[in-house]
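The values are calculated or read from the model by the stated rules, or taken from the named source; none is laboratory data. The shown structure was predicted, so the numbers you read here are calculated from the model rather than taken from an experiment. Here Cβ is always computed from backbone atoms with ideal geometry, including for glycine, and neighbour counts include all displayed protein chains. Accessible surface is based on the protein model in full, side chains and every heavy atom, while ligands, DNA and RNA are left aside. Shrake-Rupley method; radii C 1.70, N 1.55, O 1.52, S 1.80 Å.
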Amino acid sequence: MTMGYRRAVVEAGKKMLHSGLTMETWGNISVRGRDRIYITPSGMPYDDLTEEDVAVVGLEGRVLEGRRQPSTETPLHVAVYNARPDVGAVLHTHPIYSTVFSCMGEDIPLFIDEAAQALGDVVRTAGYALPGSPELARNCVAALGRRANACLLKSHGAVCVGKDLSACFRTAAVLEMTAHVLQLIRSMSGTFHPISDENIAAMQEFVKTRYGH
Ligand SMILES: [Zn+2]
């Protein structure tokens, strides 16, 4: 990462707010830097955040540095990093259409090509638990499983994970578009067909090995 971890968290906060993925001070963002986690502080407006406001916690959740309290969802971020060594960043958002499906407790299947490429697996809804609780952290890890890049939190919002924050934002955009399309299909009493496991595997292989530069 060319940008410092603190800078990356501050920039991502503004991007999350201004791309409509959350409102006010909701949502939270973290990146993994070696043996520590850089995370947004609790309840601060994203437009006011500076690098000094970013909290630093260890992989067991203990505060190591910073003048601010870390996000109330720190236990969830810590649990995801411990469960998934492939994850370098976590983005927790409250976008409209993803939240609709989180409220209904429904999984979002992979029925669009972008979703098959970006989401990694069916997007499952984690069972309800209070925000910030260890139970919510456990439910989130279970819903993500080994492969998914996103899950929903029941009656709450979405969690996107990836190798870095750019990957998380891409996943968040594809998830929200997929949820929006699913809502439109439902509103038109339409049907859809999930993409076959074989084609999902082929697209994921293509993205991994041949896509881009
Ligand atoms: Zn939240």
* To do: Would you kindly find the accessible area of Tyr211, with a 1.4 Å probe and non-protein molecules such as ligands, DNA and RNA excluded, rounding to the nearest 10 Å²?
  => 140
* Ranked from the most accessible area to the least, with a 1.4 Å probe and all protein chains present, what is the order of Glu114, Glu60? -> Glu60, Glu114
* To do: Over segment 22-119, with every protein chain in place, what whole percent of the accessible area is carbon and sulfur at 1.4 Å, could you tell me?
  => 49
* Glu198 versus Arg186, label points 7 Å from Cα toward the beta carbon: distance in nm? -> 3.1
* Solvent-accessible surface (1.4 angstrom probe) belonging to Phe192, in square angstrom, nearest 10 -> 60
* For segment 1-68 and segment 124-146, what is the separation of their Cα centres, given in Å? -> 21
* Probe 1.4 Å, all protein chains present, accessible-area order of Met203, Met177, Met16, largest first -> Met177, Met203, Met16
* Assuming R0 = 45 Å, can you tell me the calculated FRET efficiency for the pair Ser155 and Thr209, based on Cβ-Cβ distance, to the nearest 0.05? => 0.70
* **Segment Tyr128-Glu65, extension gain: residue separation times 0.36 nm, minus the distance between their alpha carbons** => 19.6 nm
* What does the accessible area per residue of the chain come to in Å², with a 1.4 Å probe and no ligands, DNA or RNA counted? -> 49
* Asked: Working from the pairwise distances between different alpha carbons, so that the mean of 1/r is found and then inverted, what is the chain's Kirkwood radius in Å?
  -> 17.3
* Structure fact -> Relative contact order of the chain (C-alpha contacts under 8 Å, at least 6 apart) in percent is 19
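Sorting Ser102, Ser196 by accessible area (1.4 Å probe), largest first, what list results?
Putting Ser102, Ser196 in descending order of accessible area: Ser196, Ser102.
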